[in-house]
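Every number in this text was worked out from the coordinates using simple rules, so none of it is lab data. These figures come from a predicted structure and were not determined experimentally. Glycine also receives a Cβ, built like all others from the backbone with ideal geometry; neighbour counts cover every protein chain displayed.
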Amino acid sequence: MAPVEQDALAVREQLFHERVRECIICALLFASLYILCHFIITHFKKHTDFTAVHDDEDAAVNRIALGLCTFTLAVALGAVLLLPFSIISNEVLLSFPQNYYIQWLNGSLIHGLWNLVFLFSNLSLVFLMPFAYFFTESEGFAGSKKVGDPALVPPCPPLCGSLLTQLLQGIMARVYETSVVLLLLSLLVLGMVWVASAIVGTDAATRQSLYDLWEYYLPYLYSCISLFGVLLLLLCTPFGLSTMFTVTGKLLVKPRLLEDLDEQLSCTRFEEAAVSHRI
């Protein structure tokens, strides 16, 4: 093999290993965030007694919705921590430029993390959160069998496996209903936007801009919701700090540094004398 081909093969091998390393690091980071968010949601989630009523279908739907909400919270937490992670990684690389063990904190990894966070943020905002809400509220189309209803479940032997089949049918019926509701809601929103665009602007360029859904409207929606979140944070932070200091002031014992001890002793002597006089 010629030296030029060996160099090209070495470069391709290095790029391949860097790509695999970035995928492994992204997977480990997201797995850590997902586990942390799962503990957070299960800590604050209200107790559901689906298992107490032996409703396996509702319990499965609840677990699926919990997984979707955990995924969304992990993406949101990753979006919040991405900027500090980028700043810290840049400072570490500038402080130790020749260290071999921190060379994985490169610009390619940060750029890939930004792209993944942007992709999953739009996916969670547009699809996963509405799907989780409508999925928990759905009951399936008419005619679908539901586990736990004796009138709809036919008698069968205990080992025939029909309960698992009926459970999957009930969940898929809810998935179909949720997908249809999301499709109708998307068509309604797009139709309203189309009508509003047709009323405001009658030129062909305005109608053509509606086709730029992924390149313009979703990033614009993401930016608007981010701006709303920042404004809400700026509005709620002073009230939260004032409430925190108020509660802390009620719980803590105030120090008695400026009190006059001689006055307290004299008051104690007068009280003792008054009690002795009564006795």
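Tell me, what is the FRET efficiency for L187 and L232 to the nearest 0.05, using R0 = 30 angstrom and their Cβ-Cβ distance as r?
0.50
For I87 and I24, what does the FRET efficiency come to when R0 = 22 Å and r is the distance between their Cβ atoms, rounded to the nearest 0.05?
0.45
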